[in-house]
Each structure stands twice: as C-alpha cells, then as structure tokens.
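Here is the structure we will look at.
Where a number appears in this text, it was derived from the coordinates with a stated rule and is not lab data. Owing to the predicted nature of the structure, the values given are computational and were not obtained by experimental measurement. Note: ideal-geometry Cβ built from the backbone for every residue, glycine included; neighbour counts use all protein chains shown.
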Amino acid sequence: MSKTIGFLLAGVAGGVLSGLFGIGGGTVLIPIFGLLLAFDQHKAQGTSLVALIPPTGLLAVIAYAKSGYVSWLAGILLVPGLFVGGIIGAKIAKRMEPRRMRQVFAVLMFLLGAWEAMGAFRH
Amino acid sequence: MSLAIVSIVILIGLCAGIMVGLLGIGGGIVLVPALVYLLHMDQHMAQGTSLFVLLPPIGLGALLEYRKKGDVDFRAGILCAVGMLVGGYLGGRIAVPMSSDHLKELFGAFLMLSALLLWSKASKKPVPAQPATFEGGS
C-alpha cells in the first residue's frame, strides 16, 4: 500500500515538472525510481517508458494550447522520427552496463541544462 | 514551412527518439532545447509543442525492447501515469503565466541538478547485482 502511494506521488511530482517544463516526465521519474525506490538503471528507464505511454500530458497540453503555445505542425512532424529513434536507442541501451548508462544520462542532462541556462542569461 | 525546415524537424525527431530509447525518457528534455535553438521558438512555444508531441505513445517501440529483457515494472509505471496526468495540469498552469526567460533558467537549473544527483549515484559502488523487485506489492 505504501508503495502504491509512493508510485502515485512519484507520478504527481513527475507530472508537475512535466507540465512546468514541457518534458515527458521521464527525467523526473528515472531519478525517483533509481535513487528513492532503488530500481537499477535499466529497470528505472523501462518503467519510466510505461508511464509515458498513456497521454499523461493531455491536460498540460490543453493548458498551453489555451494560450496559443503549441506549434501543431512541427509537433506532428516530430512524431515519426521519435518513434523510430526510440527503437534504435533502446537497442543500444540493452548492450550497455547500468552504471555506464546512468553516467551517460547524467552527462547529457547536465549539458542540456547548462545550454538552456546559458541561453537565458545571454538575453 | 519550407522543405529544409521540414527535414530539420524530422531529423530532430529522430535524434530525440534515440534518446527516448537510450535513456527511457519522453524526449522533452532534448526536444525543448532543439526547438528553441534550431527552430527559434520561444520557451513557452517549445514546451507546449514538446508536450503535444509526447501525447502519442512514441516510446512504445522502445518499451517493447526493454520488456524483452524484463527491465519493466508495469505496476509502478501505471500508477505513475495516473499521478502524472494530474500533476501535468498543475505544472502547465504554473508555467503559462511565467516569463519565457525565467522558465528557461528554471528548466536549465532543474536539468543540471538532476544530472548532479544521478552522477553522484552512478559514481558510488554499484548496489549488489540483484535488481530490486516491486511486483509483490504489500
């Protein structure tokens, strides 16, 4: 029971950040699974993908769309590449060792974060 | 939209998709910066578009690959999805009134912080090889 509540709360936390930052939420779920719930990195990533299958961001999209913050055409064009790329990436992931994967993940996020922050400060 | 832009958009999708499979994420952390810097969208537009892109089950193919090795906890995933639906709405309501630059700073800070947490975990000795299992429930 406490685990059930833990998973639900992890979802709410992931959802708030998802809506706030326009991301899928995996970025939040994976650290929660890995660091708080002691999943190994592959299992954390696989489970995060389950949470991302239903259209969990629907209500968030509506909130953005109301203010005109959605580019529908670009959005639709991104979907096929994402789907195919997803399969390619998963095949690569299966061959990697979990600790190495967590490091790849951390480095990538740090670089993207630094890139975003720099962009904001240059304004 | 010109053909060049269309091809760029499709390529962005493919690159972000590889990250989806490789890292088990939705792709938004890659999409948002790519839309801002390569397509010159403002931060809100990039985030809204990213959320829209993530509505279809783009990670399904990737998920099936993980499942082949049993690296999936469906119960945990489904419970999280329920929480995320509600949380996503709250987050969207918070983000929309913010200024684009503030939002961008916050996004960058959030990514760097998560990265540091994960890195510290990855640098420690690996936990005993036995992966945690949560299927039993309690």
### Task
Take B:Ser50, B:Ser2, B:Ser120 and order them by how many other Cβ atoms sit within 10 Å, fewest up front.
B:Ser2, B:Ser120, B:Ser50
### Query
Which order do B:Val32, A:Val84, A:Val16 fall in if you start with the one that has the fewest other Cβ atoms within 10 Å?
A:Val84, A:Val16, B:Val32
### Message
Which residues among region A:18-51 fall inside the zone where the amide N is under 18 Å from a point 7 Å beyond the Cα of B:Leu55, along Cα→Cβ?
### Response
A:18-25
### Summary
Within region A:21-117, DSSP-loop trypsin sites (Lys or Arg not before Pro) with at most 10 other C-beta atoms within 10 Å are A:Arg95
### Query
Karplus couplings for region A:97-112 from phi (6.51 cos²θ - 1.76 cosθ + 1.60, θ = phi - 60°), rounded to Hz, Gly and Pro as x?
7, x, 5, 4, 4, 5, 5, 4, 4, 5, 5, 4, 5, 4, 4, 4
### Query
In whole angstrom, how long is each semi-axis of the equivalent ellipsoid of region A:1-114, when you take the square root of 5 times every eigenvalue of its Cα gyration tensor and sort them from largest down?
25, 20, 13
### Task
Determine the shielding of peptide A:95-105 by partner chains: average, over its residues, the number of Cβ atoms on other chains within 10 angstrom of each Cβ.
4
### Query
Using the 10 angstrom Cβ neighbour count as an exposure proxy, how do A:Phe110, A:Phe83 rank, fewest first?
A:Phe110, A:Phe83
